[in-house]
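The values are calculated or read from the model by the stated rules, or taken from the named source; none is laboratory data. These numbers come from a predicted model, not from an experiment. All Cβ positions, glycine included, derive from the backbone under ideal geometry; neighbour counts span all protein chains shown.
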Amino acid sequence: MPIERLSDLTDAAAVPRLVLKVGSSLLVGKDRAVREAWLEILAAEIAAARGRGQDVVVVSSGAIALGAAKLGLAGGGRGSLADAQAAAAVGQIALASLWADKLGASDLTAAQLLVTIEDLEDRRRYLNAAATFGTLLGKGVVPVVNENDSVATEEIRFGDNDRLAARVAQAAGASAVVLLSDVDGLYDRDPKAEGAELLPRVDGVTDEIHAMASRASGSGMGSGGMTSKLQAAEIAERAGIALAIVNGTHDAPLARALGGDGIGTLFLPKRSDTARKAWLGGRQRMHGTLVVDAGCAAALLRGGSLLAAGIAAVEGAFGRGDPVGVRDANGRPLAQGLVEYSSEEIARIRGRRSDEIEALLGYAPRTAVIHRDQLVLL
């Protein structure tokens, strides 16, 4: 059954498995106290989803906020990397206990999974996570996922749980993601601007959609904004997964957003890549970049592999098998994939025909710098 509107996300036939992302500002109020009553209602809504036959995975922020409150750290625990990691170490215990208690009150069992984005970008670890989700969900458990902020470094400063939720949806085999936010959804301009209109449905994220994103955040507690939510939607759409941005500040937020006509923005996928290509397309961290000429760019858009002859420049240091981005001479991102040569080798063979490569490198060349099977268009 196809997904066409927000209310379809409550239909077990259309969405047998759902990922729900909850941000820090929804769990913890400005007074640093847990919003106990709100969370109890949300846990009951999750139980209702389970009752109608839907598996639910929760991606929950809040460890740093909870830990900072316990430790009395200024700035919500984000004053320094050391503060954030210490707050996360304390807060992860509190966060897991909180979810276990609230879900337990509705006779649901919670499981904690701590991951980094790297765990979902390494293919072997990704497949292991997918197997874990399958086992837990098969036993009726509600997995509660968070970034492992107590050991992460770059993730704390630049990561966000919006994109993590989309990656978790891929690994868990979910049909849809719901991002609970502090606004009703995506507006055609800053929602505070006069005449701003809520977009109820988006069929594929485009440059025009990105231009509508506002970086404003009402709480100052979380790390994601509308831009990160649109990036999450792009990750989801490559895997054929629907994504909704809805307002989570209200009591019973799922009923308000998904009931009746629905209040929020539903992003419908415009493509459905294979599982491997969806995984490749969802990667966030490239080890380098290949700049290609116009002829190569056109060939890639027609579904071709990336050949050395079309490479104009190499940026960064990387080895064979590493993920790299591909962009045209104007700086427009085109694709990303896994390279068959190191950056040093590509610097030597760029611009050369395939029949010249063996003489340059001293061994028989592979068929392409990035084979089309290891490349995904953006």
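When segment 169-197 is examined, which residues are found to be crowded, with 16+ Cβ neighbours inside 10 Å and among the aliphatic types (A, V, I, L, M)?
Of everything in segment 169-197, those that are crowded, with 16+ Cβ neighbours inside 10 Å and among the aliphatic types (A, V, I, L, M) turn out to be A169, A171, A172, A174, A176, V177, V178, L179, L180, V183, L186.
Can you tell me which residue in segment 263-292 is nearest to I117 (Cα to Cα), limited to those that are part of a strand (DSSP E or B) and free of Cβ contacts under 8 Å to residues at least 60 places away in the same chain?
Residues of segment 263-292 part of a strand (DSSP E or B): 265-268, 272, 289-292.
Cutting the leftovers down to free of Cβ contacts under 8 Å to residues at least 60 places away in the same chain gives us 272, 289, 291-292.
Values: S272: 22, T289: 20, V291: 26, V292: 28 Å.
Ranking the qualifying residues of segment 263-292, first place goes to T289.
Out of the residues in segment 294-325 that are small (G, A, S), surrounded by 15 or more Cβ atoms within 10 Å (Cβ to Cβ) and farther than 16 Å from K277 by Cα, which is farthest from the chain's Cα centre (by Cα)?
Filtering first and then ranking leaves A309.
When you scan segment 293-309, how many residues do you find that are touching a residue at least 40 places away in the same chain (Cβ under 8 Å), touching a helix residue (DSSP H, G or I) at 6+ places or on another chain (Cβ under 8 Å) and either more than 17 Å from R348 (Cβ to Cβ) or among the small types (G, A, S) (or both)?
Number of matching residues: 5.
Answer with yes or no whether E345 is more than 18 Å from L280 (Cα to Cα), surrounded by fewer than 17 Cβ atoms within 10 Å (Cβ to Cβ) and over 30 Å from the mean Cα position of the chain (by Cα).
Answer is no for this residue.
For segment 114-138, enumerate the residues that are surrounded by fewer than 18 Cβ atoms within 10 Å (Cβ to Cβ), in contact (Cβ under 8 Å) with a residue 12 or more places away in the chain and farther than 23 Å from G337 by Cα.
Matches in segment 114-138: T132, G134.
Here are the criteria: (1) modelled with pLDDT of 95 or more; (2) more than 22 Å from the chain's Cα centre (by Cα); (3) surrounded by fewer than 23 Cβ atoms within 10 Å (Cβ to Cβ). Tell me which single one A111 does not satisfy.
(2)
Since A317 meets every condition but one in (1) at pLDDT 90 or above; (2) under 17 Å from R238 (Cα atoms), which condition does it not meet?
For A317, the failing item is (2).
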